[in-house]
Amino acid sequence: MEKRKDFISAREVAERAGVSRSAVSRTFTDGASVSPAMRRRVLEAAEALGYHVNHLARSLMRDESGIVCLIVSDLSTPYRSSLIRALTQRLQVAGKVAMLINTDRSDKSVDLALRQAIRYRADASIILSGMPDKSITDLCLRNGQRIVLINRDDEQEGPLHINLDDAKAAEHMVVAFLRAGCRRLAFANSQAGTPSLMARERGFVAAATARGLTVSVERFGPTSYASGAVLAQRLLTRSERPDAVFCATDLLACGFMDAARHQFAMSIPDDLCVAGFDDIEQASWSSYALTTFKQPIERIAQETVFWLAGDKPDAKPQSILCRLHADLVWRNSIRGG
């Protein structure tokens, strides 16, 4: 059996078109000088042979692969999948190749992922996980990678840091609950312990304390719908039941609201006001109508790709912080919204 040929080379295109190898290269290089007649001959030959430019080989010759790794955990959550979609779309428009690496939340898992990115000679890594340890990202920086850290609170020279003003958002939520007549406040969180989740918790407690109120804080499990239901069972069986609960994410809030209604026969917002964070699609469903903060997903993707597409500095780059604002989206889960 004749062995199948895996690829068509630029040399074969040049021979069929009756031009030089460099003419083929110029034809497929943006902005290169080539006459219309020669371009037509090369393109016709390439079409006939089924030729495609090997962009990876070209980029490696320039010491750039064009690969950007997305180091991700919690792929199944609605917010994370929406952010990945926005990032990959913008990376593709910018001519980059997105390589998705799925990890758990352990430093060991993300360490292996980043080392894999280095082996593939990725130009950059975007880290959407609450991990890794600072020493691991230092390894990538020493290997010439550009790093984007999304929703982390560590101070590190070199990466682009994109954070939300979570504490400010939490303060706005305390004010919203007070205006609704609520005084027994609670915060429902997972045990993931990521910087963004903990910033919301600390900001909410601090804002309530400044107004003379105490907050019942409960944490449980992963950041999931099921954890939200467990958190409702824990908070709503207390002797002093809260009349307002700020959930660290919308997914937790959805589980919390369903448990409050079906297990405790509570009416939302008449008996209990609930708020979340992220503005996932489910938050707008009529069964939830959840008041929440909208993650600026498109802005996060825009700032990330704009920075990665810029010229790489010759000297060691300084840390850049991009702090974004999350808008409050009013729906019917808080009285008077």
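Using only the Cα atoms of region 10-53, what are the Rg and Dmax in Å?
For region 10-53, the Cα radius of gyration and maximum Cα-Cα distance read 9.0, 24 Å.
Can you give me the long-range amide H partners of Val217? Hydrogens built in the peptide plane at 1.01 Å from N, cutoff under 5 Å, separation of 5 or more residues or another chain.
Amide H neighbours of Val217, under 5 Å, 5+ apart: Phe187.
Bin width 10 Å, alpha-carbon pairs only: give the P(r) of region 166-295 as whole percents, running from 0 to the bin holding the largest distance.
Each 10 Å bin holds this share of Cα pairs: 14, 51, 33, 2.
With r as the distance between the Cβ atoms of Trp330 and Gln233 and R0 = 30 Å, compute the FRET efficiency 1/(1 + (r/R0)^6) and round to 0.05. All intermediate terms of the calculation are to be shown ahead of the outcome.
Working: r = 28 Å, r/R0 = 0.92.
Approximately 0.60, to the nearest 0.05.
First measure r as the distance between the Cβ atoms of Gln89 and Gln191, then evaluate 1/(1 + (r/R0)^6) with R0 = 30 Å and state the FRET efficiency to the nearest 0.05.
The computed FRET efficiency comes out at 0.40.
Which of Ala301, Ser286, Ala229 sits closest to the plus end of the dipole of region 184-337, meaning its Cα is farthest towards the positive end, when Lys and Arg get +1 and Asp and Glu get -1 on the C-beta?
The listed residue farthest towards the positive side: Ala229.
Got a sec to turn the phi values of region 328-335 into Karplus ³J(HN,Hα) couplings, 6.51 cos²θ - 1.76 cosθ + 1.60 with θ = phi - 60°, whole Hz, x for Gly and Pro?
Running phi through 6.51 cos²θ - 1.76 cosθ + 1.60 with θ = phi - 60° gives 7, 10, 7, 9, 9, 8, 10, 4 Hz.
Show me, for region 180-188, the HN-Hα J-couplings you get by feeding each phi into the Karplus relation (A = 6.51, B = -1.76, C = 1.60, θ = phi - 60°), rounded to Hz, glycine and proline as x.
7, x, 8, 9, 9, 9, 9, 10, 10
How far is the Cα center of region 156-192 from the Cα center of region 211-287, in Å?
First find each Cα centre; the distance between them is then 15 Å.
Where a number appears in this text, it was derived from the coordinates with a stated rule and is not lab data. A quick note: this is a predicted structure, and the numbers were derived from the prediction, not measured. Ideal geometry is used to build each Cβ from the backbone, glycine not excepted, and the neighbour counts take in all protein chains shown.
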